[in-house]
Amino acid sequence: MRTLITGGAGFIGSHLCERFLEEGHDVVCVDNLITGRLSNIDHLRDNPRFTFVAHDVSQPLKVDGPIDNVLHFASPASPIDYLKYPIQTLKVGSLGTHNMLGLAKAKQSRFLLASTSEVYGDPEQHPQREDYWGHVNCVGVRGCYDEAKRFSEAIVMAYHRTHGINTRIVRIFNTYGERMRLDDGRVLPNFMGQALRGEPLTVYGDGKQTRSFCYVSDLVEGICRLLEVEFHEPVNLGNPDEVTILQFAEEIRELVGANCRIEFRPLPQDDPKVRRPDISRARELLGWEPRVPRSEGLRRTLEHFRREI
Ligand code: NAD
Ligand code: UDP
């Protein structure tokens with residue numbers, strides 16, 4: 001098996017590279033390092049079955065030899081990152097997804113798209129099921145990411161229906177773990193970095209908005225299982241254990257053992273008020289559910305950030 005992973009030098013991508021190497025695959029990691037880091041894959045580069053290709057997948061890519069799986073994970077993913085790179089985000093979701101589907105078509109490979117809970121926008125249904133069409137502000141600041149992923153899903157389905165490509169779509173909910181960047185602006189690295197430095201924890205809005213955090217090894221397991229079943233509609237993967245952001249700040253402060261204040265800051269535009277996956281589909285289809293409780297996942301992630309800081 002030969003598996004090509006775009007965005008493989010990013011947070012989730014690097015865990016996927018590791019997992020597929022462990023499963024005995026040859027892994028081709030394609031990344032332009034816009035938000036990823038070579039240090040995420042340093043430990044893999046001596047493996048003769050691992051290849052790194054520095055390339056922007058919004059440009060066409062030629063790869064020699066057969067490819068069995070294309071996993072398309074390239075895209076800025078944190079709100080801070082995609083606000084900084086809105087055009088690159090739109091391009092990688094549209095041109096990049098088109099290019100990678102073209103590659104999958106030429107190589108007759110399976111194709112898996114990393115989509116997101118952001119396709120549901122600021123949801124009016126709770127928890128979010130896959131048959132909910134979403135509530136997205138296309139001209140708001142998050143539109144570059146949300147609409148790029150919605151376009152990605154549409155073109156994946158078009159390639160499946162028109163060319164019979166063997167596709168999968170995974171809608172990933174907030175995932176965390178080792179190798180997140182301390183400065184990526186997402187809530188967990190922000191709170192952990194702040195608590196470790198003894199700075200105030202910045203809670204946006206009143207902190208009553210909710211998220212549901214999934215540890216990365218659980219997500220990776222779900223992705224591997226999804227690849228093995230014939231199912232082409234989107235599948236939510238995430239941990240339904242929902243928490244308010246204020247509660248989350250308090251949990252992290254206690255875990256770090258820091259005595260810092262909580263500082264309230266303005267809520268960013270279009271920040272979803274609630275988010276929790278309905279994972280019935282993944283449970284039935286894949287026999288999957290998350291195994292790592294938040295307390296354990298946070299403990300492991302904190303060790304990583306203690307080393308980083
Ligand atoms: P990340 O920023 O750590 O990883 C993204 C990787 O893609 C980076 O290494 C970046 O350099 C690379 N990349 C971006 N544009 C590229 C391009 N044009 N060509 C080649 N490489 C490019 O983010 P992540 O959290 O690991 O997210 C990975 C994927 O999972 C993204 O597609 C994201 O939308 C999706 N996702 C993540 C989450 C989450 O909670 N982490 C939630 C939903 C969806
Ligand atoms: N958030 C916060 N403080 C921070 C960073 C984020 O209160 O320092 C909030 C943010 O407003 C959102 C939630 O935490 O409600 C999750 O934000 P994140 O950027 O991690 O990702 P999102 O789920 O919004 O894509």
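Quick notes on this one:
- Under the condition of being buried (at least 18 other Cβ atoms within 10 Å of the Cβ) and either polar (S, T, N, Q) or in contact with a Phe, Trp or Tyr (Cβ under 6 Å, 6 or more places away or on another chain) (or both), the residues counted in segment 38-65 number 3.
- Counting only strands (runs of 3 or more DSSP E) wholly contained in segment 171-246, the ones carrying 1 or more residues that are surrounded by fewer than 23 Cβ atoms within 10 Å (Cβ to Cβ) and near ligand 2 (Cβ under 10 Å from one of its atoms) occupy 201-204, 210-212, 242-244.
- Taking every residue in segment 186-206 that is closer than 20 Å to E303 by Cβ and pairing it with any residue that is modelled with pLDDT under 95 and surrounded by fewer than 15 Cβ atoms within 10 Å (Cβ to Cβ), at least 6 positions away or on another chain, the pairs with Cβ-Cβ distances below 6 Å are L196/I309.
- Qualifying residue in segment 16-24 (condition: in a loop (DSSP other than H, G, I, E, B), within 19 Å of the chain's Cα centre (by Cα) and closer than 18 Å to R225 by Cα): no
- Of the residues making up segment 57-104, those that are under 24 Å from N166 (Cα atoms) and charged (D, E, K, R) are K62, D64, D68, K91.
- Test: residue in segment 287-302 that is of a type outside the set (V, I, T) and part of a strand (DSSP E or B): no
- Residues in segment 75-112 that are small (G, A, S), crowded, with 19+ Cβ neighbours inside 10 Å and assigned to a helix (DSSP H, G or I): G93, G96, A104.
- Top-ranked residue in segment 113-131 [being acidic (D, E) and more than 16 Å from ligand 2 (Cβ to nearest atom); ranked as surrounded by the fewest Cβ atoms within 10 Å (Cβ to Cβ)]: D131
The values are calculated or read from the model by the stated rules, or taken from the named source; none is laboratory data. Note that the structure is predicted; figures quoted are calculated from it, not measured. Quick reminder, even Gly has a Cβ in these numbers, built from the backbone with ideal geometry, and neighbours come from all protein chains shown.
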